[in-house]
Amino acid sequence: MLSPRLTALLAILIGLYVASRYDLHKTPGVAEALGVPAAALWAIYAPLSHALAGPGQAPVVIVDQAQEVFTARAPFTRHIVAVGDLHGDLGNAQTVLQFSGVVDAFGNWTGDADFFVQTGDIVDRGDDTIKLFDWMEQLRVQAAATGGVVLSHLGNHEVMNAIGDWRYVYPSEIDTFGSVAARQKMLSTGRIGRAWAQNYTATSRLPLHPHLGPPNTPFPPEDHPLHFEKDADAAADESRYYDARAPLSHAALSFVHGGLSPTYSNLAPFPTKINALSAALLRRLQHRAQPPPHPPHPYPGLPHGTTRDEAELYDANGPFWYRGWATDGADKACADVESVLARTGTRRMIMGHTPDFTGIVSRCNGKIIIIDTGISHAYGGALSALSIHYTFTPIGDDAAGEPRWIEREVVSALYVDRQEIIVEEEREVVGDFRFA
């Protein structure tokens, strides 16, 4: 009968043989296959290999070889689902999130998506304001428990309500709060207002690959100061935002309610600058004495002390209201978009706000995607969601020994009865990349 030490030794040797025999170092690693972080598995294996040898003896197997197997490169996948304006309709929102795989039949997070993104305008034109915002916070907690993330955005209607512009508030919706005063409190210092302040931003930069960091890591990155240099040709020189040594630098998506105008003055660093201004403006609105709502009272406007940059954020050229990507001609839009993508470190801009009741609109080969399809019954538009499947697959090394990868991105419009592919792109990338 074999001793425990010999049994353990044989198990390790067999594992190493199988890994090398079937090229597991070129396909999903042993650690990934077991669902265990490679670093954690290696932390267990390395001391075990020494312990089996006994005091003062060499490891029982070649440690370097084992480490190579346990840290083998593996495919990476990321799935993102985004939904546009919901405008007070819980039923249609639940239908969309269910057929897109974000939630199950009971409205609970499924774990099928890594990220769920909602681009604002949850409030107004319907009676389900409280239910919708409470549901979003429930999904946020459920997603976090499974490693998922919910990214929420303020739309122009959220900011309108914070200002006191209630032109699109139904009287029946006010009744769900109990009174005008109760609604004002809920949206300012109450639980909906606190959720806006804590969990909602004006815009997001969502990396497709973790090498770029977590969501909303600023671009240009702080450790690349050359990207900030400007010269006489800076306005026309987009190449300064690209670095041949960082082939994934723009492997990210931007999300915003209205749009990122090419002439908006606070794009960089993205999204840090815009979100700081949005947080400051929201704080001013929520913590002033709440004005009587308009109508029937006069339009209250922005609060005293609002800065020029905060006011620009809310004007027609700002990210809450801009519609140029939907209304400009193709030649102008497709020329302008290159500059904004370069400056924001992204490859696609995704937004709501300007509805097309027939479906999701893609322009300039998917560099501009508009996802407001009038989901609410107030519009009677198409029920839709945007789905992005991203994969990053190892394919061996090049002649210099550098890792080679295939990066693939499939962007689809999802509807109740069909799926339409908007973009399907693939390219080879060479380099070492961080996966955490």
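Considering the range 112-157, and only residues there that are of a type in the set (Lys, Arg) and out of contact with any Ser or Thr (no Cβ under 7 Å at 6 or more places or on another chain), the residue that is nearest to SER387 (Cα to Cα) turns out to be ARG140. Residues that are β-branched (Val, Ile, Thr) and not in a strand (DSSP E or B) were ranked within the range 106-158; the one that is nearest to the chain's Cα centre (by Cα) is THR119. You will find that of ALA378, ALA400, ALA382, the residue that is under 30 Å from GLY431 (Cα atoms), of a type outside the set (Asp, Glu) and in a loop (DSSP other than H, G, I, E, B) is ALA400 and no other. It is to be established whether one or more residues within the range 165-180 are in contact (Cβ under 8 Å) with a residue 40 or more places away in the chain, under 22 Å from ASN199 (Cα atoms), of a type in the set (Val, Ile, Thr) and surrounded by 17 or more Cβ atoms within 10 Å (Cβ to Cβ). For the range 165-180, residues in contact (Cβ under 8 Å) with a residue 40 or more places away in the chain, under 22 Å from ASN199 (Cα atoms), of a type in the set (Val, Ile, Thr) and surrounded by 17 or more Cβ atoms within 10 Å (Cβ to Cβ): absent. On the basis of being under 25 Å from ASN216 (Cα atoms) and in the same structural domain as PRO221 (by TED's automatic domain parsing), does LEU386 make the cut? So LEU386 fits the description; yes.
Among the residues of the range 227-249, is any at pLDDT 55 or above, more than 29 Å from ALA74 (Cα to Cα) and surrounded by 15 or more Cβ atoms within 10 Å (Cβ to Cβ)? Taking every residue of the range 227-249 in turn, at least one turns out to be at pLDDT 55 or above, more than 29 Å from ALA74 (Cα to Cα) and surrounded by 15 or more Cβ atoms within 10 Å (Cβ to Cβ).
Select, from TYR379, TYR415, the only residue that is within 21 Å of the chain's Cα centre (by Cα) and of a type in the set (Phe, Trp, Tyr). Give the steps one after another, and end with the answer.
Numbers: TYR379 fails: within 21 Å of the chain's Cα centre (by Cα).
Among TYR379, TYR415, only TYR415 is within 21 Å of the chain's Cα centre (by Cα) and of a type in the set (Phe, Trp, Tyr).
The values are calculated or read from the model by the stated rules, or taken from the named source; none is laboratory data. Not measured: the values here are computed from a predicted model. As a convention, Cβ positions derive from the backbone with ideal geometry for all residues, glycine included, and neighbour counts pool all protein chains shown.
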